[in-house]
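*Asks:* The structure under discussion is supplied below as structure tokens; questions concerning it will follow.
The values are calculated or read from the model by the stated rules, or taken from the named source; none is laboratory data. These figures come from a predicted structure and were not determined experimentally. Here the Cβ positions follow ideal geometry from the backbone for every residue, glycine too, while neighbour counts run over all protein chains shown. Accessible surface areas use protein heavy atoms only, side chains included; no ligands, DNA or RNA. Shrake-Rupley method; radii C 1.70, N 1.55, O 1.52, S 1.80 Å.
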Amino acid sequence: MASEKIKWHPAFAAAIQLEFKEYQEYLNFEEEHQLTEEPLKIDVVIIKKLQDVYINKSIGKILAKYNIFEYKSPTDYLSIDDYYKVKAYAYLYKALSKNTNSIDIDEITITLTSTKKPKKLIKYLKEKSIDVVCEGKGLYYIENTDIKIQLLVMRELPDEEGEYLKLLQLEHKNINLLNKWMNEYIKNNKNPLYEIIMSVIAQSNPNNLMEVYKEMAKVQLNESNQIFLKDMVKKFDLDKEFKEEGKIEGKIEGKAEAIVEILNDKGFVPEDFKKKIYSQKDADILKIWLKFAVKCDSIDEFKNLSNM
């Protein structure tokens, strides 16, 4: 399925609730917030602390009474304007409260989440004398501002700090995390939060999910769990997705091998150059490269034609 059709934001809202599930009686979650009577909403998750409880989790230590979470999907990036947009949301959230200064600016925090590290934004902030301090793997504090802000880079977060957030990515590499998730999903299959996240994983990572499913099917599962897993595969059409993805990957891999084979006949192909060819996942680009490989007389000519 096309990644742009995946509903990442509801899955993020579900994941962030599960990250703080031990504290759910002390927290209130809003997936979007109506700022005014007119249609002016912020498409973020807001967590309100119902009590002044300490959250013993690195990604939650910064949380105050009102906490705004901005999420960027794996197909998007956290830009400079996104930074200012979320700060504007925070100011409006304060300014449009019922009574004057009923929300203190010190009671608000912002959490920016991104799959990859937003290098351009970090560079820009440093140029503006705004410090970006690493507080741990995948956790950064943006300091010297009037609002407490943290940045979560989900790929860098340790599993124990963001096990649900880290599930929301394309081409998932962490099979152990998926395996842990599958076992937890079976136990919580009637919980709508788990169902939302599983729907996104099934769309974004059908191959890896099927691998985990097949490994689980080999071990001794009770009958009800076996039936549940089989129904899950049918429900999310995983078997079909797995086969289609496999065909595409097979075609891509075949093209890459053909390019390397042709180039080998035209001279020595360095290992790092082979890796570049094998790592290319765009079938259209590989098709063009294959034509170049046939057409060229040497490796250097191929490099020039393909701009590699």
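*Asks:* Between 197, 55, 262, where does the largest GNM mean-square fluctuation fall for the chain, given springs only between Cα atoms within less than 10 Å?
*Replies:* Highest fluctuation among the options: 262.
*Asks:* Note the full-extension length gain between residue 116 and residue 211 as 0.36 nm times their separation in residues minus their Cα-Cα distance, in nm to one decimal.
*Replies:* Between residue 116 and residue 211, full extension yields an extra 31.7 nm.
*Asks:* Also, I was wondering about something else. Mind checking the per residue accessible area of the chain for me, 1.4 Å probe, whole number of Å²?
*Replies:* Accessible area per residue: 56 Å².
*Asks:* Please report the base-10 log of the normalised intensity I(q)/I(0) for the chain, using a Debye sum with one equal scatterer per alpha carbon and no solvent, at each q in 0.08, 0.11, 0.12 (1/Å).
*Replies:* These q points yield log10 I(q)/I(0) values of -0.49, -0.83, -0.93.
*Asks:* Between residue 95 and residue 7, 0.36 nm times their residue separation minus their Cα-Cα distance comes to what?
*Replies:* So the chain would gain 28.6 nm between residue 95 and residue 7.
*Asks:* I would also like to ask the following. Taking the simple approach of a point 7 Å from Cα along Cα-to-Cβ for both residue 274 and residue 307, what is their distance in nm?
*Replies:* Rounded to a tenth, the inter-label distance reads 2.7 nm.
*Asks:* Looking only at the chain, where both bridge partners belong to it, what percent of the DSSP beta bridges are antiparallel (to the nearest 5)?
*Replies:* Of all bridge pairs located within the chain, approximately 60 percent are antiparallel.
*Asks:* For a quick check, take a GNM of the chain with Cα springs below 10 Å and name the residue from 169, 17, 51 with the largest mean-square fluctuation.
*Replies:* Per the Cα network of the chain with a 10 Å cutoff, 51 tops the list.
*Asks:* Would you list, by chain and number, the lysines whose Cα falls below 17 Å from the Cα of residue 119, excluding same-chain residues fewer than 8 positions away?
*Replies:* Of all the lysines, those that pass the test against residue 119 - Cα under 17 Å, at least 8 places apart if same chain - are 72, 128, 137.
*Asks:* What is the percent carbon and sulfur in the accessible area of the stretch 159-235, measuring with a 1.4 Å probe over the protein chains and ignoring ligands?
*Replies:* Its accessible area is 50 percent carbon and sulfur atoms.
*Asks:* If you don't mind, there's one more thing I want to ask. Where the only charges are on Cβ atoms (+1 Lys, Arg; -1 Asp, Glu), what is the dipole of the stretch 54-123 about its Cα centre, to the nearest 20 debye?
*Replies:* Charge dipole of the stretch 54-123: 320 debye, to the nearest 20.
*Asks:* Work out the length of the dipole vector of the chain about its Cα centre, built from +1 on the beta-carbon of each Lys and Arg and -1 on the beta-carbon of each Asp and Glu, and round it to the nearest 20 debye.
*Replies:* 340
*Asks:* Greater than 24 Å separation of Cα atoms is the criterion. Which listed pairs, 65/180; 61/120; 116/187; 61/117, meet it?
*Replies:* Table pairs above 24 Å Cα-Cα are 65/180; 61/120; 116/187.
*Asks:* OK, next. So, in nm, how far is label residue 30 from label residue 50 when the simple model puts each one 7 Å beyond its Cα toward the Cβ?
*Replies:* So the two model labels end up 1.6 nm from each other.
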